[in-house]
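A short worksheet on the structure shown next.
The values are calculated or read from the model by the stated rules, or taken from the named source; none is laboratory data. In this text, all values refer to a predicted model and were calculated from it rather than measured experimentally. Glycine also receives a Cβ, built like all others from the backbone with ideal geometry; neighbour counts cover every protein chain displayed. What goes into the accessible areas is simple: the full protein's heavy atoms, side chains included, and nothing from ligands, DNA or RNA. Shrake-Rupley method; radii C 1.70, N 1.55, O 1.52, S 1.80 Å.
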Amino acid sequence: MQTIVDAIVNDVMEQRIGPGARLSEKSLCERFDIRRMYVRRALLTLANKGIVELQANKGARIRKPTFQQAVILFETRRSIESIIIQNVVRQRSDADIDKLNAHMKLEEEAFVNNDRNELIRLSGEFHLLIASFQNNHLLAGFMQSLVTESSLITAMYGQHSFSNCPPSEHRDLVKAIKNQHPKAALNLMLAHLNHIEADLAISHGKSLELVAIALSEQ
């Protein structure tokens with residue numbers, strides 16, 4: 001069951017499946033070669049995580065976040081990641097920096113290779129990796145939900161590019177963490193999150209709110 005949950009979460013984080021996508025129990029049974037009862041348990045777990053919506057006689061679909069939920073998500077990320085980044089600057093070890101540098105190498109390779117799905121996944125994992133370096137397990141656990149929710153929101157409201165999370169911004173953050181500059185790290189993290197949120201402004205002159213209304217009517 002956990003294999004199904006992890007696979008769907010990964011698909012969402014890589015934006016291989018987007019908001020509103022139907023999850024067929026039959027297809028999942030065939031994909032994972034597992035009985036329907038385990039698929040249903042996995043879908044219930046995903047629903048409890050806020051990733052899937054279960055509707056009577058309609059099955060399961062990937063949840064469609066609302067415009068208001070998108071706004072709240074970034075407000076929450078700014079609050080939570082401000083605490084996390086300051087904790088990490090104080091607590092980080094040389095081994096943590098090595099892990100960040102190794103991760104950055106993978107991000108830069110994906111960027112050069114124009115591998116959108118891989119870069120989306122790695123960009124989300126970068127924030128999870130940073131959260132893992134501080135000793136507040138509650139914040140670290142909460143970040144998984146926030147990053148997954150971010151993937152849903154960028155898939156629904158974004159411009160379908162990965163320019164909103166360039167490796168250069170992550171590289172600057174790593175440098176501030178390594179040099180233990182808390183103020184610089186905090187400012188860089190907030191600017192980075194603001195950049196991601198700003199990229200949700202849809203082109204063709206439409207505001208987020210208008211796009212949200214149009215999607216809600218589909």
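Going through the cross-link list Lys64/Lys105; Lys105/Lys175; Lys105/Lys178; Lys49/Lys99; Lys99/Lys178, which pairs have a Cα-Cα distance over 22 Å in this structure?
With Cα atoms farther than 22 Å apart: Lys64/Lys105; Lys49/Lys99.
Considering only Asn194, Asn57, Asn48, the mean-square fluctuation computed in a Gaussian network model of the chain, springs between alpha carbons under 10 angstrom, is largest for Asn57. Annotation: average projected area of region 37-124 is 9.1 square nanometres, based on the convex hull of Cα atoms across all directions. Over region 56-176, what portion of Cα pair distances is larger than 17 Å, expressed as a whole percent? The calculated P(r) of region 56-176 puts 60 percent of pairs beyond 17 Å. Okay, helix-only estimate at 222 nm for the chain: each DSSP H run of n ≥ 4 adds -39500 (n - 2.57), divide by all residues, round to 500 deg cm²/dmol; what do you get? Calculated mean residue ellipticity at 222 nm is -23000 deg cm²/dmol. When the chain is treated as a GNM with alpha-carbon contacts under 10 Å, the residue of Val71, Val112, Val89 showing the greatest mean-square fluctuation is Val112. Would you indicate which of [x] 17.5; [y] 19.3; [z] 18.3 is the value of Kirkwood radius over Cα pairs in Å derived from the coordinates of this structure? Read-out from the structure maps to [z]. Residue by residue, region 176-189 carries 3J(HN,Hα) couplings of 5, 5, 4, 7, 6, 10, x, 5, 5, 4, 4, 4, 5, 5 Hz when phi is fed to the Karplus relation 6.51 cos²θ - 1.76 cosθ + 1.60 (θ = phi - 60°); x denotes Gly or Pro. Determine the sum of side-chain charges near Ile120: Lys and Arg each +1, Asp and Glu each -1, restricted to other residues whose C-beta is under 12 angstrom from that of Ile120. Surrounding charge for Ile120 is -3. Computed 3J(HN,Hα) for region 12-24, one whole-Hz value per residue from the Karplus formula 6.51 cos²θ - 1.76 cosθ + 1.60 where θ = phi - 60°, is 5, 5, 8, 6, 6, 10, x, x, x, 5, 7, 10, 7, glycine and proline marked x. Each residue of region 141-152 was assigned a 3J(HN,Hα) from its phi angle through the Karplus expression (A = 6.51, B = -1.76, C = 1.60, θ = phi - 60°), giving x, 5, 4, 4, 5, 5, 5, 5, 4, 4, 5, 4 Hz with x at Gly and Pro. Computed in the context of the full set of protein chains, the accessible area of the chain at 1.4 Å probe radius has 51% of its extent on carbon or sulfur.
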